[in-house]
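Working notes, structure below.
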Amino acid sequence: MKFIGRSKDLKRLAAVLLVIATPLAFGADQPSVQVKPPDVHGPRPLAQQTAEAAVRDYLESWQEMKSALDQNRASLLNRDFEGEAKDKLSAAISGQIKAGIHTKYVDRSHNIQIVFYSPEGLSIQLVDNVEYDQQIFQNGKLLVTQPARARYVVVMTPSQVRWRVRIMQAQPE
Amino acid sequence: MRLPFTLLLGGAVLAALQSAGAQNLTLPETIQAGAAFDVQTTGSGNGTLYIVGPSQVLQQKVTLGQTASFDSGTLTNAGIYTVVLTGGSSTEHRALNVLPAKDAAHITFLARPSRLPVNLHNGISGAVYVFDAYHNLITKPMPVSFDLTPPSGAAQHGKATTMDGAAWVQLNSTPKEGMSKFVAQVGGVTSQRIVEQVPGAPCRLQMSAKRSGQQLELQTDPVRDCSGNAVPDGTIVTFTEDYKGTQSTVDVPLKRGIAKVEMPAHSGATITVASGVVLGNEIHWTE
């Protein structure tokens, strides 16, 4: 593992990120967020502020994704998503509109770890074990609530001011 | 007697549900992205089947009691979906996992830098992300080979195995200048980048001096890097003359591999030559 700073710093990072995560959630919907110290395969050292920024931006992307799928507004994805992730989420929103539904994701917990920082510094990969409920609404009426536990594999790339999600793919835990 | 009674009760409930128009659905728990699959429904009448995930949403009208078939290439995005059946007297739902297809079809290959000096240890890095035909990241481990082939001389090989779809390698730049092909391969899929390797810094600077009238004519030998590659024309060479505490400096670009300059021929002067951080020989001029 390459990381600037060792266990003491990593604990501090986890604590800082927990604090960062708190304002992202609202009221009773607040998910619990755990951030494990990075376990990076790759030769490039991962600076603490880089790790913090990537995790912060990833958690914010969840808020953006939830709003976009709930309101059926693909334009809400512009800040935090690009590439395949944005295309697929936008396609899902188009499908929801066509089907007359919208979806509310209620994330209960995130367990995040950065696992790869590419040698040239142009991508960060993290995994997030998420517990959430997927609520599907039709004409404003709740059709079903499906609880899920998923392992999200996420690839982020840097833009001018933040890390943006380029790949976001769920698989069973 | 308890088991038969339970069976009897279950059968009665099922019959009651069916007579009331209730429906059920049966489907695989997991499929591969892009694969064809069936959803078996029960009940009677018409219904609507929704397949809902954050990457894709499908809707299909169904006749309850019939099988709804989805052709290959319909559900293509990996993820966790909820399958919902509405119609009749109740709404049923199941989870459906869609995994990436097994075979690689696309590689994203990040290679850096595009230009670097020869003979640099671990100077070239490559990272790949491996995708299936539907641009799903293939998360199961896959072997990746990397080859760096210079215009002449032996190729370098590297191997790696993907973790969550990503793999990387570091290779040395080769001793000879020129355009190298940097290729990543997964299964039958390849991606190529070109890496230009340029001569490194001058390795040894040697100059000679001869009088030319009132001037000293200073000239370097052909300037080469430590691998014997000619340092490019335009590289600056600095000649410095110290005489009685006064220093004169002249910067000269390499032309056809050598640098030439004329400086005053002061007896007792010391002349040095340098390029970048490399110092050449020193000449004490006496007459």
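Within the range B:186-205, can one find any residue that is within 13 Å of chain A (Cβ to nearest Cβ) and among the charged types (D, E, K, R)? Break it down into steps so the answer makes sense when it comes.
First, the residues of the range B:186-205 that are within 13 Å of chain A (Cβ to nearest Cβ): B:193, B:195.
So of that shortlist, the ones also among the charged types (D, E, K, R) come out as B:193.
Yes, the range B:186-205 has at least one match.
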Point to revise | Selected residue [closer than 30 Å to B:Gly165 by Cα and of a type outside the set (A, V, I, L, M)] from B:Ser208, B:Ser191 | key: B:Ser191
**Study point:** strands (runs of 3 or more DSSP E) wholly inside the range B:119-195 containing at least 2 residues that are among the aromatic types (Phe, Trp, Tyr)
**Key:** B:124-131
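Counting just the residues of the range B:46-68 that are of a type in the set (Ser, Thr, Tyr) and over 28 Å from A:Ile167 (Cα atoms), which one comes out surrounded by the fewest Cβ atoms within 10 Å (Cβ to Cβ)?
Start the filter on the range B:46-68 by keeping residues that are of a type in the set (Ser, Thr, Tyr), which leaves B:48, B:50, B:55, B:63, B:67.
Now drop any that are not over 28 Å from A:Ile167 (Cα atoms), which leaves B:48, B:63, B:67.
On the way: B:Thr48: 16, B:Thr63: 14, B:Thr67: 12.
So the residue we want is B:Thr67.
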Check your understanding: Hey, among the residues in the range A:139-170 that are of a type in the set (S, T, N, Q) and modelled with pLDDT under 95, which one's surrounded by the fewest Cβ atoms within 10 Å (Cβ to Cβ)?
Key -> A:Gln160
Practice item. Please go through the range A:100-114 and pick out each residue that is farther than 16 Å from A:Ala170 by Cβ and surrounded by 19 or more Cβ atoms within 10 Å (Cβ to Cβ). Key: A:Ile101, A:His102, A:Ile114
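Out of the residues in the range B:132-185 that are under 30 Å from A:Lys86 (Cβ atoms) and of a type in the set (Ser, Thr, Tyr), which is nearest to the chain's Cα centre (by Cα)?
The first filter runs over the range B:132-185 and keeps only residues under 30 Å from A:Lys86 (Cβ atoms), leaving B:132-142, B:144, B:146, B:160-169, B:182-185.
Filter once more, so that each one left must be of a type in the set (Ser, Thr, Tyr): B:134, B:139, B:161-162.
Values: B:Tyr134: 19, B:Thr139: 16, B:Thr161: 14, B:Thr162: 12 Å.
So, considering only residues that are under 30 Å from A:Lys86 (Cβ atoms) and of a type in the set (Ser, Thr, Tyr), the one nearest to the chain's Cα centre (by Cα) is B:Thr162.
Kindly check whether there is at least one residue in the range A:67-77 that is within 12 Å of chain B (Cβ to nearest Cβ) and closer than 21 Å to A:Val33 by Cα.
Within the range A:67-77, none of the residues are within 12 Å of chain B (Cβ to nearest Cβ) and closer than 21 Å to A:Val33 by Cα.
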Exercise for review: Being open to solvent by less than 30 Å² (accessible area, probe 1.4 Å) and farther than 27 Å from B:Gly158 by Cα is the filter here, so list the residues in the range B:184-229 that pass it.
Suggested key: B:Pro202, B:Leu205, B:Met207, B:Leu216, B:Leu218, B:Thr220, B:Val223
Check your understanding: So which of A:Leu126, A:Leu122, A:Leu89, A:Leu143 ends up being closer than 16 Å to B:Gly79 by Cβ and within 11 Å of chain B (Cβ to nearest Cβ)?
Key -> A:Leu89
Check your understanding: Just for the range B:132-166: of the residues that are crowded, with 23+ Cβ neighbours inside 10 Å and facing chain A (nearest Cβ under 9 Å), which one is nearest to B:Cys203 (Cα to Cα)?
Key -> B:Ala166
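Would you mind stating whether A:Asp107 is closer than 21 Å to A:Pro147 by Cα, outside any helix (DSSP H, G or I) and either acidic (Asp, Glu) or more than 14 Å from chain B (Cβ to nearest Cβ) (or both)?
yes
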**Study point:** Top-ranked residue in the range B:199-218 [being out of contact with any Leu (no Cβ under 7 Å at 6 or more places or on another chain), in a strand (DSSP E or B) and of a type in the set (A, V, I, L, M, F, W, C); ranked as nearest to B:Val252 (Cα to Cα)]
**Key:** B:Leu218
Study note, to complete from the structure: Counted residues in the range A:51-66 being hydroxyl-bearing (Ser, Thr, Tyr) and touching a Leu at 6+ places or on another chain (Cβ under 6 Å) come to 0
Review point. When you look at B:Asn97, is it touching a Ser or Thr at 6+ places or on another chain (Cβ under 7 Å) and not in a strand (DSSP E or B), yes or no?
Key: no
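The values are calculated or read from the model by the stated rules, or taken from the named source; none is laboratory data. Worth saying up front: this structure is predicted, and the values here are computed from it rather than measured. Glycine also receives a Cβ, built like all others from the backbone with ideal geometry; neighbour counts cover every protein chain displayed. Side chains are part of the model used for accessible areas, which takes the heavy atoms of the whole protein and leaves out ligands, DNA and RNA. Shrake-Rupley method; radii C 1.70, N 1.55, O 1.52, S 1.80 Å.
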